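Written out below as structure tokens is the structure these notes cover.
Each reported figure results from applying straightforward, stated rules to the coordinates on display, with no laboratory input. All values derive from a computational prediction rather than experimental measurement. As a convention, Cβ positions derive from the backbone with ideal geometry for all residues, glycine included, and neighbour counts pool all protein chains shown.
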Amino acid sequence: MTAKVRDLAASLTAKINLIVERQQLTEETLAQTRSERDVLAKRVAQLEAEVKALKNDLHFASMSSTLAQSPQHVADTRSLLAGLIRDIDRCIADIKAC
């Protein structure tokens, strides 16, 4: 009878150790996954900002080609729009700094 109790205790101890090991592995995997998720979330935010900037560039390029009749006019219009955008960005930065 004592042998059965010892075998049962040994079996329970082994199973508990296995559960603890699996829990630790799961926690490590969870931490790694959360870290990867944070990195990917930052990358998504960067890509969204890049897409927004490219859409704005496309919009201004199409606007400048619509406003101008010749290639030189297109270049001049783009230059003018780029200057206006820089001025607007500077004003926004100044307002935020206040």
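A few remarks follow.
- Residue-wise HN-Hα couplings along the range 48-56, as the Karplus relation 6.51 cos²θ - 1.76 cosθ + 1.60 with θ = phi - 60° gives them from phi, are 5, 5, 5, 4, 4, 5, 5, 5, 5 Hz; Gly and Pro carry x.
- Charge dipole magnitude, Cβ of K and R +1, D and E -1 - the chain, Cα centre, debye nearest 20: 400 debye
- For the range 21-38, backbone phi angles converted through the Karplus equation (6.51, -1.76, 1.60; θ = phi - 60°) give residue-by-residue couplings of 4, 5, 5, 4, 4, 5, 5, 5, 5, 5, 4, 5, 5, 5, 4, 4, 4, 5 Hz, Gly and Pro being listed as x.
- Charge-dipole axis of the range 13-98 as Lys and Arg at +1 and Asp and Glu at -1 on Cβ define it, positive-most pick from 81, 91, 26: 26
- 21 Å Cα cut-off, lysine pairs counted over the chain (separation 8 or more, or different chains): 4
- When percent of Cα pairs over 24 Å apart is calculated for this entry, the matching label among (1) 17; (2) 63; (3) 44 is (2).
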